[in-house]
Amino acid sequence: MPSEFSPEQLKKVVKRAQSGSEQDFYELYVLFSKPVYNFVWRLIGSVEDAEDLVQETFLKVHSELKHLRDANQFRFWLYRIARNEVYQKLRRTQRATEVSIDDDEAGYYNFLRDDIRQPDPEKLAISGELNDVINQALQGLTPKYRDVFVLAVFQKMSYEDITKVVGRSLLSVKTDIYRARLMVKEAIAAYMKRSRVEKI
């Protein structure tokens, strides 16, 4: 969570915004607009669309905030709205892939833990070219894999918090993050292999 407010302070800001304080709503916008933009951009892959969708998200938050029953759930509620706005945009442009998001997955998958003896390829995303490779890999994922991967890796959410955003079981979230990590790491490995070949 953005660190400018403690959970209790954030709750008070949300409650004041619910009571009609535009100043407190602006505080929420300042606090969350950048992380929400990063989340949306990673999902949709377009700067222009991401900017528009962030505005749509906060317009909806502004109109619906009074209906939020638990101010402690604001962050998860906000990300659900942003995620829904992305999916509506994808449906409108006929780019969404139909996927099953059933809570119960067949079989059991052990979550892939990074080997601490090896550098984490996800951290290499700070380099421009490799960051482009990761973004291309993300756009190749189906939406249900893409959103949980972005929430886990770029938004640093716990598995339990991610379940609150996407509305799926803990096992389903872990499984989808595992699969998404494999696909992204395959793309990174292919990039690194190409880079080594080019240097020869």
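FYI, it's all coordinate maths here, none of it is from the lab. Since the model is a prediction, treat every value here as computed from it, not as a measurement. When we count neighbours, we look across all protein chains shown, and the Cβ atoms used for this are built from the backbone with ideal geometry, even at glycine.
Fully extended, how many nm does the chain gain between GLN55 and LEU182 (0.36 nm per residue separation, minus their Cα-Cα distance)?
Working it through step by step, the gained length comes to 42.4 nm.
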What residue among GLN88, VAL47, ASN72 has its Cα farthest toward the positive end of the dipole of segment 7-92, where the charges are +1 on Lys, Arg and -1 on Asp, Glu, each on the Cβ? ASN72
Could you please state, rounded to a whole Å, how far the C-alpha centre of segment 129-200 is from the C-alpha centre of segment 1-41? 27 Å
